[in-house]
1. Give the accessible surface of the protein assembly as shown per residue, rounded to a whole number of Å², with probe radius 1.4 Å and ligands, DNA and RNA excluded.
2. With the Cα gyration tensor of the protein assembly as shown in hand, give its eigenvalues times 5 under a square root as the equivalent ellipsoid semi-axes, listed largest first in whole angstrom.
3. Could you go through segment B:402-412 in sequence order and give the Karplus-derived ³J(HN,Hα) for each residue, using 6.51 cos²θ - 1.76 cosθ + 1.60 with θ = phi - 60°, rounded to whole Hz, and x for Gly and Pro?
4. Using unit Cβ charges (K, R positive; D, E negative) and no other charged atoms, how large, in debye to the nearest 20, is the dipole of segment B:232-379 about its Cα centre?
5. What size of dipole, in debye to the nearest 20, comes out for the protein assembly as shown about its Cα centre when the only charges are +1 on Lys and Arg C-beta atoms and -1 on Asp and Glu C-beta atoms?
6. Going by Cα centres, segment A:1-71 and segment B:428-479 are how many Å apart?
7. Can you list the HN-Hα couplings for segment A:82-88, worked out from phi with the Karplus curve (6.51, -1.76, 1.60; θ = phi - 60°), rounded to whole Hz and with x for Gly and Pro?
8. Ordered by residue, what ³J(HN,Hα) values in Hz, to whole numbers, does segment A:89-94 give under the Karplus form 6.51 cos²θ - 1.76 cosθ + 1.60, where θ = phi - 60° and Gly and Pro are x?
Amino acid sequence: MQINEILTLERTLFGVPGGSKKRVLEYFSKFIAQQIPQLDAEEVFSRLIAREKLGSTGIGQGVALPHCRISHCDQAVGTFIRLRDKIDFDAIDGQPVDLIFLLLVPEEANEAHLQTLALLAERFSDEELRKELRKTDQPEQLHQLITAPIPS
Amino acid sequence: MDNLNSIFLIASLLLCLSIVASVISARVGMPLLLLFLGVGMLAGEDGIGLDFASFEAAYVIGHLALAVILLDGGMRTQMKTFRVGLRPALSLATLGVVVTSGLTGLLAMWIFDLTLLQGLLVGAIVGSTDAAAVFSMLGGKGVHLNERVSATLEIESGTNDPMAIFLTITLITLLTQEVADPLSALLMFVKQFGIGLPLGLAGGWLFAWVLKKLQLPTGLYPLLVTGAGLGLFATTNLLGGSGFLAIYLAGLMIGNSRSAKLQHILPVHDGLAWLSQIGLFLILGLLVTPHEMLATALPATLLALGMILIARPLAVLICLKPFFSFNWRELAFISWVGLRGAVPIVLAIFPVIAGVEDAGLYFNIAFFVVLISLLIQGTSLPWAAKRLKVEVPAEFMPKRRSLLGVFAEDDYEVFVYSVKSETLDGVELRRLRFPSGARIGALFRDHQLIHPSGSTRLQQGDQLCIIGREADLPVFSKMFNEEPQPSKEKARSFFGDFTLSGDAPLKDVADLYGLTISPDQASLTLGELLTRRFGGHPVVGDQMEWHGIRWVVVAVDGDHITQVGLKPL
């Protein structure tokens with residue numbers, strides 16, 4: 001799977017006020033329920049929180065990839081959020097987080113789901129990409145940067 | 001007087017030459033001990049022509065040097081590694097030495113056409129592995145082994161010398177006495193361990209206690225430890241116990257006493273251990289007469305290969321496979337790291353001193369076996385560790401750390417890190433997730449001391465002095481990791497992208513990723529599932545494949561898994 005299959009321009013956000021991990025997840029849940037009406041904001045929020053309880057999805061260097069399976073979801077849905085301020089995400093390296101890619105997948109998805117996550121983790125491990133993402137204020141450009149085919 | 005000074009001059013030149021040459025050896029990847037041996041041989045009869053053939057002097061120096069090396073080794077062995085390493089190591093150090101020695105002995109008997117007892121003596125002489133050889137090699141190359149393997153090898157090499165010494169002495173006694181008496185041999189065995197073990201533990205405990213109470217100029221602490229250790233060594237030997245075992249155990253007790261004075265003791269003992277290594281191998285290099293050994297070269301090499309490829313692997317298999325949960329790669333690596341060092345060569349002097357027939361032959365054989373072992377196994381260790389995947393990515397360490405000296409025990413330390421990561425640039429200090437017992441003590445920017453507060457924003461290039469305890473290190477080492485991108489990538493691909501808590505209920509994890517689990521697994525945590533899989537004693541880097549996912553142990557607290565990494569296969 002390619003990142004451009006799951007991330008749309010409408011779901012590429014920046015300058016979102018942070019506050020706390022919980023607030024950001026709450027903000028996202030409401031946002032995604034507006035974007036895709038068959039999704040239930042409550043369910044999205046509680047599932048994401050449940051996932052965080054098992055261990056933070058903050059993978060280090062200011063990046064977090066919250067994810068969960070969700071009902072009434074027919075395909076993988078990605079959303080990118082760049083926060084205005086870095087927030088404590090309980091990340092594995094203890095560093096605060098400002099780049100967040102959220103992934104919702106259908107109930108049936110299992111292994112493909114992990115492959116997608118691995119792909120995202122790989123993408124965000126690119127130091128140059130992270131630098132660019134923090135500099136840019138244009139959603140188009142953010143979207144383009146993330147979905148650009150990975151140079152081999 | 002001139003004579004005395006020329007001895008000093010030669011000794012000091014050899015010492016300096018060895019130390020300077022170690023820089024080159026580190027680059028080439030040659031084991032250091034081999035280098036010292038080589039310098040000694042070059043200076044000897046077939047080289048520059050120094051004539052040194054005093055087995056008695058070598059015997060005395062050998063004992064002294066081994067005792068000092070074992071004391072240092074004991075102090076550096078962390079008792080917390082006993083959790084995974086003690087039982088397998090003791091199995092290797094006792095039964096393992098008997099099996100390796102026995103098989104090697106039979107092979108020697110066949111190759112050199114010896115009697116059974118003579119053959120077994122050769123086996124006993126080369127029976128024990130060398131701690132210093134193993135760890136100088138691994139440490140110097142930056143090879144970081146998983147704890148199960150490193151603890152086993154470390155404790156094995158610290159504890160197997162008494163067994164080899166015992167076997168050697170027994171066989172010499174049997175060879176020199178007309179009537180062989182199995183009962184007295186058994187009694188000697190019991191005495192070696194029965195006296196060495198309690199004396200070592202009691203002595204070590206006493207020394208640690210005295211160190212805590214005594215106030216001395218800092219330079220005297222290490223000397224006191226050396227003196228007390230050697231005194232214990234001699235006393236134990238006089239009483240018929242194993243002095244080598246006693247001094248190792250004493251070192252272990254002192255090193256694990258958590259005394260703040262250890263910071264003065266350890267560096268000096270590191271130096272003393274090096275001096276002992278260099279001295280020992282130089283002397284041994286001087287002692288041998290290379291041209292006389294050529295006749296032994298080929299058969300002895302054959303014996304060494306037999307030991308490396310057959311005897312040691314079989315011993316490892318017999319001692320570890322049935323009782324402990326090592327995987328095949330770990331077993332193979334432990335087999336390969338049966339490195340021989342100074343002990344066999346010193347042991348080979350025993351028969352010479354005792355006047356055993358053909359003692360010169362045994363010495364030459366032992367010398368070659370050690371040489372081949374260092375050459376083949378020593379040089380290939382980093383390669384073998386990589387191939388057999390027993391390495392784990394090393395944790396990043398602060399560029400400086402030192403004890404504060406506030407408390408006598410369990411002291412706080414200061415860790416110095418510099419801020420390199422762009423992610424930390426502009427971050428307020430209060431946004432960092434700090435362990436509760438740790439503080440940023442000072443922040444340096446452009447050579448200026450800045451008073452850190454919660455709202456201070458970090459900048460790249462800042463130097464941080466953090467006050468905390470050793471237990472906090474893993475957190476800081478992740479937060480201020482300055483390693484270049486490639487090694488970070490390596491760690492990421494090893495441990496996986498995501499970590500889950502070891503306490504996460506398995507059914508929640510299964511729910512999250514759509515895995516099916518059996519009813520009896522439903523009540524387990526993820527950590528418990530993995531702990532079972534790894535025989536109850538998991539170590540960082542243990543991994544298993546399950547449901548198309550690789551699950552890797554990222555952090556443990558004793559036998560409790562705290563973090564698990566996962567990545568798709």
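The values are calculated or read from the model by the stated rules, or taken from the named source; none is laboratory data. Computed from a prediction, not measured in an experiment: that's the story for all the values here. No Cβ is skipped: glycine too gets one built from the backbone with ideal geometry, and neighbour counts run over all protein chains shown. SASA here: full protein model, heavy atoms, side chains in, ligands and nucleic acids out. Shrake-Rupley method; radii C 1.70, N 1.55, O 1.52, S 1.80 Å.
1. 44
2. 57, 29, 23
3. Per-residue couplings from phi come out as 7, 5, 7, x, 7, 10, 6, 10, 6, 6, 6 Hz.
4. 540
5. 1100
6. First find each Cα centre; the distance between them is then 30 Å.
7. 9, 7, 6, 10, 6, 10, 6
8. Result, rounded to whole Hz: 10, 6, 5, 5, 9, x.
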